[in-house]
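Here's the structure we're looking at; comments come further down.
The values are calculated or read from the model by the stated rules, or taken from the named source; none is laboratory data. Source: prediction; values computed, not measured. Every residue, glycine as well, gets a Cβ built from its backbone with ideal geometry; the counts of neighbours run over all protein chains shown. Areas reflect the complete protein model, heavy atoms only, side chains present, ligands, DNA and RNA absent. Shrake-Rupley method; radii C 1.70, N 1.55, O 1.52, S 1.80 Å.
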Amino acid sequence: MGKGGNALSAPSQMEAKLNLERSVKMSKAPKFLWANEDSMEEPHVKRRKEIITAHPEIKKLFGPDHNIKYVVLASFIFQIASIHLLQGAPWYTWLFCCYTISGTINHSLTLAMHEAAHNLTGKGITLNRIIGIFANLSMGIPAAASFKRYHLEHHRFQGEEIMDVDIPSNAEGWFFKNTPRKILWCFLQPLFYSLRPLFINPKKPSKWEFINQIAVVVYNSVIYYHFGFSGVGYLIGGTLLGMGIHPAAGHFISEHYVMNE
């Protein structure tokens with residue numbers, strides 16, 4: 001028998017190691033809802049198979065949606081118009097519009113950014129990168145290029161600690177475990193979503209991330225020059241409010257979290 005014939009194969013060894021790690025984690029956190037072997041399949045792949053099997057005609061809708069870039073452009077123009085019209089408005093009017101208008105529009109732009117990350121806003125990777133960064137301008141916080149890197153790993157390694165940075169950290173799970181704290185977590189969700197990758201799985205910035213950062217900083221500078229801090233605050237505030245406790249943000253919870261029955 002050849003060398004190593006009595007040993008487990010490398011995949012088997014890895015599987016055994018992962019199963020052991022999983023058992024240890026389950027024993028330490030019995031109140032968590034743990035997936036069983038029947039529900040371990042990557043949900044996007046499973047759902048895709050089920051939908052195509054039930055409705056094969058849906059394949060006709062596969063591919064880029066070329067209307068997204070026009071929606072992004074309209075949103076971009078609308079945000080500038082909103083900032084202009086709110087000049088000199090009372091703080092409560094500004095805050096109301098920041099939550100309702102800017103929050104809704106900037107949340108929709110995060111979804112356009114998501115589609116660009118999956119190359120679904122046009123043909124070609126470069127065009128999608130550009131559209132993603134353009135959608136990111138009105139959000140006030142550079143995110144498109146980094147989001148693409150981490151989000152694709154979220155799909156490829158869904159549910160795997162470290163690789164899938166959409167999973168709340170152990171510290172979050174330890175602290176936010178009652179209703180008031182979970183409400184606070186929802187308010188702070190944009191903060192955790194953006195900062196968690198830097199602590200859990202930091203990466204060396206890519207060329208596109210530098211381009212993204214420069215583009216957003218330049219655009220923020222133009223907004224500040226013409227409209228002051230209130231203009232920049234309207235964009236950034238809309239992003240933070242729109243991704244926190246906001247009607248448009250409910251899908252974050254419905255799509256990514258489960259209720260332990």
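The table below lists the values:
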| item | result |
| --- | --- |
| Excluding exposed DSSP-loop trypsin sites (Lys or Arg not before Pro) (at most 11 other C-beta within 10 Å), longest clean stretch of the chain | 32-122 |
| Cβ-defined net charge surrounding GLY63, 12 Å radius [Lys, Arg +1; Asp, Glu -1] | +1 |
| Computed E for ILE214/ILE52 - FRET, C-beta separation, R0 51 angstrom, nearest 0.05 | 0.80 |
| Computed over segment 110-175, Cα set: Rg, Dmax in Å | 13.5, 44 |
| Cβ-based net charge around SER146, under 10 Å, with every Lys or Arg adding one and every Asp or Glu removing one | +2 |
| Euclidean distance of C-alpha centroids, segment 158-235 and segment 72-151, integer Å | 14 |
| With eigenvalues of the C-alpha gyration tensor scaled by 5 and rooted, the chain, Å | 38, 23, 19 |
| Rh (Kirkwood; distinct C-alpha pairs) - segment 75-189, Å | 16.4 |
| Accessible area (Å², per residue) of segment 104-201, counting only protein heavy atoms and a probe of 1.4 Å | 50 |
| Over 15 Å [Cα-Cα, segment 184-261], rounded percent | 70 |
| Value of relative contact order over the chain, rounded to a whole percent, pairs C-alpha under 8 Å and six or more apart | 23 |
| P(r), alpha carbons of segment 142-227 - 10 Å bins starting at zero, rounded % | 16, 37, 30, 15, 2 |
| Fluctuation leader among ASN220, ASN212, ASN19 - the chain, Gaussian network, Cα springs under 10 angstrom | ASN19 |
| Potential extension, THR100-SER23 segment - 0.36 nm per residue separation minus Cα distance | 23.2 nm |
| Accessible carbon and sulfur surface of the chain relative to its total accessible area, %, 1.4 Å | 67 |
| Sorted peptide list for 109-120, 93-104, criterion being average Cβ within 10 angstrom, highest first | 109-120, 93-104 |
| Around PHE187: net Lys/Arg minus Asp/Glu count, Cβ-Cβ under 15 Å | +1 |
